[in-house]
1. So, in nm, how far is label Ser54 from label Ser5 when the simple model puts each one 7 Å beyond its Cα toward the Cβ?
2. Gain in length, Val45 to Thr27, computed as 0.36 nm per residue apart minus the alpha-carbon separation, to one decimal in nm?
3. Please compute the contact order of region 23-115 in relative form: average sequence separation of alpha-carbon pairs under 8 Å and at least six residues apart, divided by the residue count, as a percent.
4. Starting at the first residue of region 104-111, write each ³J(HN,Hα) from the Karplus equation 6.51 cos²θ - 1.76 cosθ + 1.60 with θ = phi - 60°, in whole Hz, x for Gly and Pro.
5. What value in Å³ per residue do you get for the convex hull of the alpha-carbon atoms in region 23-115?
6. Please find the FRET efficiency linking Ile76 to Asp37, where r is the Cβ-Cβ separation and R0 is fixed at 30 Å, and quote it to the nearest 0.05.
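Here, each number is a calculation from the coordinates, and none is a lab measurement. Everything quoted here is computed from the prediction, not taken from an experiment. Methodologically, a virtual Cβ is constructed for each residue, glycine included, from the backbone with ideal geometry; neighbour enumeration extends over all protein chains shown.
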Amino acid sequence: MRIKSFCRYIAVAAVTVSLTACAATYTNHGYIPPQEDLDLLVVGVDTKSSVEDSVGSPSSGGVLNDGGYYYVRSRIRSFGPTAPKVVERQVLAISFDTAGVVTNIERFGLEDGNVVPIARRVTDSAVSNKTFLRQLLGNIGRIAPG
C-alpha cells in the first residue's frame, strides 16, 4: 500500500512540474510614449525637436524627406516548443510637413486588422565564408600594375 501511494504521489508531482514548465512567457520589445505625453503634443504647433523633448527619440524615422517619427512596441508570446507569436504590436506614427511641424498623430495595431511586419534588412558581405588567412593569401596574385 505504501508503494502504491508513493508512486501516485510521484506521478502527481511529475504532472504538476511538467505543466508548470509549459507556462507561457511574454517578451516586450520597443517603446511607445504614454498617452499623457501624447496629449501634450499639439498638431500644427509642435516641431520635431519639441516632439523629441516631450516624448523621446523615435524607434525609427521616415525614409523619404524625413517624413515622420515611428514608435514601435511588440509583445511576443512563447509557449513550450511552439514558435513565438506576436500577440500585440502597436505603431505610433507622427507625421511632419516640410517645415518640420506636426501634421498628424496616428496609432496602428493588430486590432486594426493589418499585421504590421517588422522587416530587418541586412546587407550580406562578399566575404562571408572566407577566413582572414584565405582572404590575405587570395590577394597575392591580384596586384594591379597601376
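1. If labels sit at Ser54 and Ser5, their model points lie 7.0 nm apart.
2. So the chain would gain 2.9 nm between Val45 and Thr27.
3. Worked out over region 23-115, it gives 30 percent.
4. Using θ = phi - 60°, the values come out as 7, 10, 10, 10, 10, x, 5, 5 Hz.
5. 111
6. That gives a FRET efficiency of 0.75.
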